[in-house]
């Protein structure tokens, strides 16, 4: 048989000690519980709620975005294949915006032309202009995106950042086919 405890008040003393030290033990347990709860929420959100959040976002924000980045000097890779440094999409979009939309921009930037001694006028970083094409209103923004530069084996600990220029196109989702099929090819001509 199991021997009974000699002190019948031992459970009440333990209970009393726990209650009296609850505040100090809470300070120890709170960070652990907070980390566990936040991790549990992130997992639940990633697995179940993200799909519903995207559907709700489509109702709340019906705008779509296309980013066109300036091609760096070295060869870079897209998600599927290498993109040569001779990709001129960004320059073509900049030329289109120079001729079409720069009259609406309040702040402009002048750069030396690559061929000849003229100037190329373009939107300054942070500027937004609207363009109308066959009844659809589209908004262009000129941005500078800061991306962490890969270390390439050097011990720079990610302190170097690469600045890339970007033309950001915003349009309503009902014009999606119109923009992708017609407008972007019109801009590149």
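The values are calculated or read from the model by the stated rules, or taken from the named source; none is laboratory data. Being a predicted model, the structure only gives us computed values, none of them experimental. With ideal geometry, Cβ positions are generated from the backbone for all residues, glycine too; neighbour counts draw on all protein chains shown.
Quick look at the values:
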read-out: Members of region 50-87 that are part of a loop (DSSP other than H, G, I, E, B), out of contact with any helix residue (DSSP H, G or I) (no Cβ under 7 Å at 6 or more places or on another chain) and modelled with pLDDT of 80 or more; value: 61
read-out: Checking residue 13 against (1) farther than 30 Å from residue 173 by Cβ; (2) at pLDDT 75 or above; (3) loosely packed, with under 10 Cβ neighbours inside 10 Å, the condition it does not meet; value: (3)
read-out: Test for residue 143: is it surrounded by 10 or more Cβ atoms within 10 Å (Cβ to Cβ) and modelled with pLDDT of 80 or more; value: yes
read-out: Close pairs from region 124-140: first at positive phi, partner in a strand (DSSP E or B) and modelled with pLDDT under 90, Cβ under 8 Å, at least 6 apart; value: 126/141; 126/142; 126/143
